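So that we are looking at the same thing, I have put the structure below in structure tokens.
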Amino acid sequence: MTQSDISCGLEYVITPDLQACLTEALHYNYSFIVAPIVHPRFRRHHVMNTGKIGGFTRSDMVLSPQDWTTRIVGRLSPYLNVDSDVPVVRQRHEDCLNEELAYCRGLGLPAIMISLTGKNNNNLARILQSYHENCHHPSLVWVQVPMVDSRSLKTYSETDESESPWNEPWYWWSKFHERLDYDKKVGVVLELSADLPSKEILNRWLGEPVKAVIVPTSLFHTNKKGYPVLSRAHQEVVVSMMEHEAQIVVRGARRSNVEFYLQYVYRLWQRKPNPADDPMLSYARGWEDYLQVPLQPLADNLDTHTYNVFEKDPVKYDQYQKAIAQALIDIGNNEGGLNNISELPLKDTKPLDLDKNTKKISGKSIIVMVLGAGRGPLVRATLNAADITNTNVKVIAVEKNPCAVVVLAAQVREIWKDRDVIVIPGDMRYTNLSSKADIIVSELLGSWGDNELSPECLDGAAGLLKPGGISIPSVYKSYVAPISSPRLWAAAKVAVGPTNNKDKNLETLWVVYMQSKHDIAETKMVFTFEHPANGKTDHEGQEMADYRGLPLTDNRRSSTVSWKVEQDNVMHGFGGYFDCSLYGKEMISIVPTTHSPGMISWFPIFIPIKTPLRVQKGDTITATFWRCVDSRRVWYEWIVEVGNQVTPIHNCNGRSSEMLL
């Protein structure tokens, strides 16, 4: 972990020599500086069309173009109040603001900083919206808000536990961002205060697009060695913000050598857990908040790169191996064979010497069918489990992807030539074999459990399993939680996906490693699927069968879930997760509270809503989800109600997103 992993800037209240200020900051390894576009004392009394000649600030030739475009964040004049109640002041300040924005556009600054000091910001939002629409390459807008509204704080006594002063700045920001339609080019800059709010309020800020955190030098204390340090609480806030890709801006009087502040921030970053220690953090690095269209492995054949990524997950296949081993033992017990697998090491080794009470099953082999075998990871897991349990197995690998079949056939010839492994090319739903399986194993799950059509695949392959046979997985459940995430919602709105249409994009499920999000409420279950599945029953209670004699299943689902809101927030959609019982006690899960440690195969699902809903403490969020099926496709529909607010039904009749059968 190097110092280049973090970005830290130094703010100058005035810059008599801009080149000297930038040189000083770069000398001490700061990445950028924040400087006023116009001298703080230079208040212009702007009157349009007067013909006055002359500049209102310094020439852009004092710095190189590269410095302007990469190392300067321009602060707009803080006294400008374009939402003033006085019409003359409002108009003059609007003209001055447009003049400064035009100059920033000419300089090509990477970001401009503007302050919010209250809740009335309609005109400011309108001006910035116009600025973005009229620029081909507009600067990012950093909107500075304080952590606490000092004016409101004065009205509360020290014994008053009201959180209103801490909530006010969030209201200013969230309503301002809402007016800009959650534009992803607009982010918030938080100025830390001496006193910090509750953890719940801090966590809510983590769901916002925090571009930077201003750390005043007045917050630093001097330790015994004479170096500036922050309190433990402020350290935690700074590190959590940096983990969410926020930059640090040092502001205020220099109570110590300016280099020491940066060195201290770097030491804080060094002390955080190394992402390499967490396989998921290491794997997801660079993919944070990046939306991807869910795979459709039934309709499309996966490529080699995708197989290679999934096969790097050691946790998933270890869990599968344990589940297969336990299933082999249970079948062996029915044959009078093995005992228990709980203490057996599961690794790729030669067969273990089991104790004298454990005997190898004689006679015919146990048939294990791997459905959707891909390039063979589950075949390897099955053979490992057979070695560990000292069991004879016959493995039948069914795979429809021609490229993967080539790989499987090569492994049968070269690696598994001494094992009983057969490759059957074809779609598992239409494969008919005389040999029936004691165990079927598959890995057809998507990020929301059933969204890659595992139920339809396994129900269609039910004829390959013996009566009373074992399915791995046996049960999987999908979950949702309402979330606040302006960044994900804005990204979905403009994402390049199957539709490239804003309305349709907001009716599409997206796979994403969610970093900038805040959970409004807890995770709750939506759908459940079991295998082998029971068929529908007729009016006499008899199980119905299809033309092949297989159970006639119904994979349509609907579920209504409700949550109580504990904190004012803005809801942008849902986070979707799943967990799965493979066999016995062996589980895999991406539900946040039960996530399988180190498992990297699945990112969660983001389910957006078309119009974000502002929710208040005490409100009830009620959402209904439908899983719809017809002869050629599967799709989801959803609707949300909060008090008198109701969204339209999303993705009606699968008009925006669907999974093809």
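For Gly286, only one of the following conditions fails: (1) on the phi > 0 side of the Ramachandran plot; (2) in a strand (DSSP E or B). What is its number?
All conditions pass for Gly286, except number (2).
Quick one: Ala521 ticks every box in (1) within 30 Å of Ala381 (Cα to Cα); (2) under 21 Å from the mean Cα position of the chain (by Cα) except a single one, so which number is it?
With (1) within 30 Å of Ala381 (Cα to Cα); (2) under 21 Å from the mean Cα position of the chain (by Cα) applied to Ala521, the lone miss is (1).
In region 413-465, what residues are under 12 Å from Ile396 (Cα atoms) and either part of a helix (DSSP H, G or I) or basic (Lys, Arg) (or both)?
Of everything in region 413-465, those that are under 12 Å from Ile396 (Cα atoms) and either part of a helix (DSSP H, G or I) or basic (Lys, Arg) (or both) turn out to be Arg419, Met428, Lys436, Leu464.
Which of the residues that make up region 80-110 are within 16 Å of Asn134 (Cβ to Cβ) and among the acidic types (Asp, Glu)?
Matches in region 80-110: Glu94, Asp95, Glu99, Glu100.
Tell me which of these Met571 doesn't satisfy, since it passes every other one: (1) more than 30 Å from Thr382 (Cβ to Cβ); (2) outside the structural domain of Phe606 (by TED's automatic domain parsing); (3) not charged (D, E, K, R).
Only one criterion is unmet by Met571, namely (2).
Let me ask another. Please find, among Ser435, Ser484, the residue that is of a type in the set (Gly, Ala, Ser) and under 23 Å from Asp330 (Cβ atoms).
Going through Ser435, Ser484 in turn, just one is of a type in the set (Gly, Ala, Ser) and under 23 Å from Asp330 (Cβ atoms): Ser435.
Follow-up question, since we're still on this one. With respect to Arg487, determine if the residue is in contact (Cβ under 8 Å) with a residue 40 or more places away in the chain and over 30 Å from Gln567 (Cα atoms).
Numbers: in contact (Cβ under 8 Å) with a residue 40 or more places away in the chain: yes; over 30 Å from Gln567 (Cα atoms): no.
No, not satisfied.
Further question: Being in a loop (DSSP other than H, G, I, E, B) and closer than 30 Å to Ile324 by Cβ is the requirement here; does Thr593 meet it?
no
Looking only at region 220-234, which residues are without any contact (Cβ under 8 Å) to a residue 40 or more places away in the chain and crowded, with 16+ Cβ neighbours inside 10 Å? Outline the logic, then answer.
We begin by selecting, within region 220-234, every residue without any contact (Cβ under 8 Å) to a residue 40 or more places away in the chain; these are 221-233.
Listed by number, the residues that qualify are Tyr227, Pro228, Val229, Leu230.
Consider only pairs whose beta carbons are under 6 Å apart and that are at least six residues apart or on different chains; among these, list those whose first residue lies in region 56-70 and is under 19 Å from Leu101 (Cβ atoms) and whose second residue is assigned to a helix (DSSP H, G or I).
Asp60/Leu107; Trp68/Leu107
Here's a check for you: in region 262-314, which residue that is of a type in the set (D, E, K, R) and closer than 30 Å to Val250 by Cβ is farthest from the chain's Cα centre (by Cα)? Write out each step before concluding.
Restricting attention to region 262-314, the residues satisfying the condition of being of a type in the set (D, E, K, R) are 267, 271-272, 277-278, 285, 288-289, 300, 303, 311-313.
Within this subset, residues satisfying the condition of being closer than 30 Å to Val250 by Cβ are 267, 271-272, 277-278, 285, 288-289.
Values: Arg267: 27, Arg271: 24, Lys272: 21, Asp277: 20, Asp278: 16, Arg285: 11, Glu288: 6, Asp289: 5 Å.
Once the filter is applied, the top-ranked residue is Arg267.
Condition check ((1) surrounded by fewer than 16 Cβ atoms within 10 Å (Cβ to Cβ); (2) at pLDDT below 95; (3) of a type in the set (Asp, Glu); (4) under 21 Å from Leu444 (Cβ atoms)) across all residues:
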{"residue": "Arg548", "(1), (2), (3), (4)": "yes, yes, no, yes"}
{"residue": "Met587", "(1), (2), (3), (4)": "no, no, no, yes"}
{"residue": "Ile609", "(1), (2), (3), (4)": "no, no, no, no"}
{"residue": "Phe625", "(1), (2), (3), (4)": "no, no, no, yes"}
{"residue": "Val640", "(1), (2), (3), (4)": "no, no, no, no"}
{"residue": "Gly643", "(1), (2), (3), (4)": "yes, yes, no, no"}
{"residue": "Leu661", "(1), (2), (3), (4)": "no, yes, no, yes"}
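With the requirement that a residue be assigned to a loop (DSSP other than H, G, I, E, B) and in contact with a helix residue (DSSP H, G or I) (Cβ under 7 Å, 6 or more places away or on another chain), what does region 367-391 give you?
So in region 367-391, the residues assigned to a loop (DSSP other than H, G, I, E, B) come out as 372-376, 390-391.
Those that are assigned to a loop (DSSP other than H, G, I, E, B) and in contact with a helix residue (DSSP H, G or I) (Cβ under 7 Å, 6 or more places away or on another chain): Gly372, Ala373, Gly374, Arg375, Gly376, Thr391.
Of everything in region 390-416 that's surrounded by fewer than 22 Cβ atoms within 10 Å (Cβ to Cβ) and aliphatic (A, V, I, L, M), which residue is farthest from Asp300 (Cα to Cα)?
To start, the set of residues in region 390-416 that are surrounded by fewer than 22 Cβ atoms within 10 Å (Cβ to Cβ) comprises 390, 392, 394, 400-403, 405-407, 409-416.
From what's left, aliphatic (A, V, I, L, M): 405-407, 409-410, 412, 415.
On the way: Val405: 15, Val406: 17, Val407: 18, Ala409: 21, Ala410: 23, Val412: 25, Ile415: 28 Å.
Result: Ile415.
Let me ask you something else. Is region 131-154 home to any residue that is β-branched (Val, Ile, Thr), touching a Pro at 6+ places or on another chain (Cβ under 7 Å) and surrounded by 16 or more Cβ atoms within 10 Å (Cβ to Cβ)? Walk me through how you get there before you give the answer.
Pass one, region 131-154, residues β-branched (Val, Ile, Thr): 141, 143, 145, 148.
Cutting the leftovers down to touching a Pro at 6+ places or on another chain (Cβ under 7 Å) gives us 145, 148.
Then drop every residue that is not surrounded by 16 or more Cβ atoms within 10 Å (Cβ to Cβ), which leaves 145, 148.
Within region 131-154 (the criterion being β-branched (Val, Ile, Thr), touching a Pro at 6+ places or on another chain (Cβ under 7 Å) and surrounded by 16 or more Cβ atoms within 10 Å (Cβ to Cβ)), the answer is yes, since at least one residue qualifies.
The values are calculated or read from the model by the stated rules, or taken from the named source; none is laboratory data. All figures in this text were calculated on a predicted structure; none of them were measured in a lab. FYI the Cβ positions are ideal-geometry reconstructions off the backbone, even for glycines, and counts take in every protein chain you see.
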